1. Ordered by residue, what ³J(HN,Hα) values in Hz, to whole numbers, does the stretch A:90-101 give under the Karplus form 6.51 cos²θ - 1.76 cosθ + 1.60, where θ = phi - 60° and Gly and Pro are x?
2. Could you estimate the translational diffusion coefficient of the protein assembly as shown from the Stokes-Einstein equation, with Rh from the Kirkwood formula over C-alpha pairs, at 20 °C and 1.002 mPa s, in whole µm²/s?
3. Please find the FRET efficiency linking A:E60 to B:T33, where r is the Cβ-Cβ separation and R0 is fixed at 41 Å, and quote it to the nearest 0.05.
4. Per residue of the stretch B:47-58, in order, report the coupling 6.51 cos²θ - 1.76 cosθ + 1.60 (Karplus, θ = phi - 60°) as ³J(HN,Hα) in whole Hz, putting x for Gly and Pro.
5. Report the residue, chosen from A:A13, A:A91, A:A23, that carries the largest GNM mean-square fluctuation when chain A is represented by alpha-carbon nodes joined by springs under 10 Å.
6. Between A:E92, A:E25, A:E82, which gets the highest mean-square fluctuation from a Gaussian network model of chain A, Cα cutoff 10 Å?
7. Just tell me the longest site-free run in chain B, where the sites are chymotrypsin sites (Phe, Trp or Tyr not before Pro) in a DSSP loop having at most 12 other beta-carbon atoms within 10 Å.
8. Report, in debye and to the nearest 20, how large the dipole of the protein assembly as shown comes out about its Cα centre when Lys and Arg carry +1 and Asp and Glu carry -1 on their Cβ.
Number of protein chains: 2
Amino acid sequence: MQEPTFLILTALAAGPKHGYGVAQEVTEISEGTVTLRAGTLYGALDRLVEQEFVTVDRQEVVNGRLRRYYRLTDAGAGRLAERARRLRKHAEAAESRLEARPNWALGFTDDPFGACA
Amino acid sequence: MQEPTFLILTALAAGPKHGYGVAQEVTEISEGTVTLRAGTLYGALDRLVEQEFVTVDRQEVVNGRLRRYYRLTDAGAGRLAERARRLRKHAEAAESRLEARPNWALGFTDDPFGACA
DNA sequence: CGGTATATATCGGTGAACGTAGCATGCGTG
DNA sequence: CACGCATGCTACGTTCACCGATATATACCG
């Protein structure tokens, strides 16, 4: 599961939303770093419905335009929880390794073993 | 950047490693959930070298086998830090939304506020 | 009357990941 | 000594998600 898909599930975790609403929420969650395109959005939603991580909650017609609401299933919530935990673990691993890294070598002596006097 | 690529950078953040060593460390970091295949590993390393997030530290021949060590560049460390922060933010967003979700529908009462009589 | 915002749908290209196979060497086992 | 196994990189081909572009349709505003 990639970033866009993960964020779509995250957006739906707060409650049912229609496609466009998901796209807006994803932009918000990611602080503008991820903007879903139509192709990505509906492609991912179709896939998620097929995998039963998401279901169509209901459809309504507003101003002559179709509006389809999607809802996270229990399986989807489980999958999201699992992936969120994994993401956090990986982020923590990366951050702790970066901290321990001798990056005082930024630009000058590059001495991975600290053997440099 | 996808999960395998992120984990490769993370493995290299602790110090230079050769391809096979990276693969082993990735298995460890991900607690066995991600196992890098040769195609994924060397493909990603080639891309990372081209993007200058990783450089070839040195090469040696051990027992007639080539061993090529890769090292994280400063640009690579910066990129990894940025991505790690983003990953953590997304993981947190997902987890907080999942907590707030009315998942008492899942068969057990989960009442964080004790409001449920 | 044209531009923008709301909404969903589809198509083709691209690139990362993935699987498998192959090459090459040393080491332990039968 | 033959064999499998671990090490370590290369070289294919395939799959799949993402993405840009395009299409459709309505409402609102200048």
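Computed from the coordinates by the stated procedures, all read-outs in this text should not be read as laboratory data. Source: prediction; values computed, not measured. Please note: Cβ atoms are built from the backbone with ideal geometry, for glycine as well, and neighbour counts cover all protein chains shown.
1. Listing the rounded values in order: 5, 4, 5, 4, 5, 5, 5, 5, 5, 5, 6, 6 Hz.
2. Stokes-Einstein gives a translational diffusion coefficient of 107 µm²/s.
3. Given R0 = 41 Å and the Cβ-Cβ separation, E is 0.55.
4. With the stated coefficients, the stretch B:47-58 comes to 4, 5, 5, 5, 7, 6, 8, 9, 10, 7, 6, 6 Hz.
5. A:A91
6. Residue with maximal mean-square fluctuation among A:E92, A:E25, A:E82: A:E92.
7. The reported range is B:1-107.
8. 420
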